[in-house]
């Protein structure tokens, strides 16, 4: 039986979801907060007395400032502070100019008008080469219905294989890897080769922008080169055929693209993020992910922010963010990441020896 609060939140998202991440508040593990007027919803998780909000309040634009204020007042009454993680330009424009809010730029997300995708493919020879490479290896992409994709064992097998190659252990909050238990409203494109599934792509609606967030695109290690490109190509063409005008592949963390007017970050945070981008490849390939997205020639890059309730962005806020993504203690997350990376390197060494 569907939780009535979840159903109420879904209705609000499908009516007012503007942030690319708006639908993610419906993912497993999210706590839901509703405005007193019943016209707004927020998805969040707590850690270290910080409410980390997924994106921004989902509500009509004229209500955005009032809903943010109401949420923050409720948090204060419970001894907590709010951090909006993954907020877009709408909320940044409203809260960024206030002295009692701190804004940190998280990176940028590439965006496309799907109607222009075919022009990009015809113009870019390297992209066509990747598509041809996958097709010549027998890869074909088909769209599965939400009912067929729901908890499909073939898709779960791909997800399991893909997660085994990641430098980080599975995370939570806005990057939960398990979307297959909730395919309602989503579109799922599946790459098949010789009757076997070798990859898939999950697209999540961005209703108020008539668009889609490509939330996930795992593939098995044996998938031919170009498989991911072929999945994105199929999805973009399907979006265009449906008349959608907006698509994004999601946040590229720490990307400097689209950085005009970037707020000044605290020196301690700027140093930490610079070090992470330079040396964190073992756990997360920041530059590689950004290069892949940039190679698809997005029409624009949108800056994405974290906005903290307070005059300064504090280490406690960062700890809260790390805690919700890491499903607990940030120290434990780092320990699991080191162990996961070490195990991955040992598996790679064993394969080379064999």
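Any idea how many residues of segment 230-255 are buried (at least 23 other Cβ atoms within 10 Å of the Cβ) and not in a loop (DSSP other than H, G, I, E, B)?
Adding up the residues that qualify gives 10.
Taking the criterion of being within 24 Å of residue 30 (Cα to Cα) and at pLDDT 55 or above, would at least one residue in segment 265-276 satisfy it?
no
Considering only segment 73-84, state which residues are touching a residue at least 24 places away in the same chain (Cβ under 8 Å), under 16 Å from residue 31 (Cα atoms) and not in a helix (DSSP H, G or I).
80, 81, 82, 83, 84
Take the residues in segment 85-98 that are within 14 Å of residue 72 (Cβ to Cβ) and in contact (Cβ under 8 Å) with a residue 60 or more places away in the chain; name whichever of them is surrounded by the most Cβ atoms within 10 Å (Cβ to Cβ).
Ranking the candidates gives 87 first.
Just the residues that are free of Cβ contacts under 8 Å to residues at least 40 places away in the same chain and assigned to a helix (DSSP H, G or I), please, taken from segment 11-34.
Residues satisfying the conditions are 11, 25.
Looking only at residues that are in contact with a helix residue (DSSP H, G or I) (Cβ under 6 Å, 6 or more places away or on another chain) and surrounded by 21 or more Cβ atoms within 10 Å (Cβ to Cβ) in segment 27-41, which one is farthest from residue 321 (Cα to Cα)?
Checking each candidate, the answer is 40.
Please enumerate the residues belonging to segment 47-72 that are within 22 Å of residue 23 (Cβ to Cβ), touching a strand residue (DSSP E or B) at 6+ places or on another chain (Cβ under 7 Å) and either in contact (Cβ under 8 Å) with a residue 40 or more places away in the chain or not in a helix (DSSP H, G or I) (or both).
Scanning segment 47-72 gives 51, 52, 53, 54, 55, 56, 57, 58.
Please state which one of 179, 213 is touching a strand residue (DSSP E or B) at 6+ places or on another chain (Cβ under 6 Å), within 21 Å of residue 111 (Cα to Cα) and buried (at least 18 other Cβ atoms within 10 Å of the Cβ).
Answer to the selection: 213.
The values are calculated or read from the model by the stated rules, or taken from the named source; none is laboratory data. What you are looking at is a predicted structure, and each value in this text was computed from that prediction instead of being measured. Because the Cβ atoms are built from the backbone with ideal geometry, glycine has one as well, and the counts that use them run over all protein chains shown.
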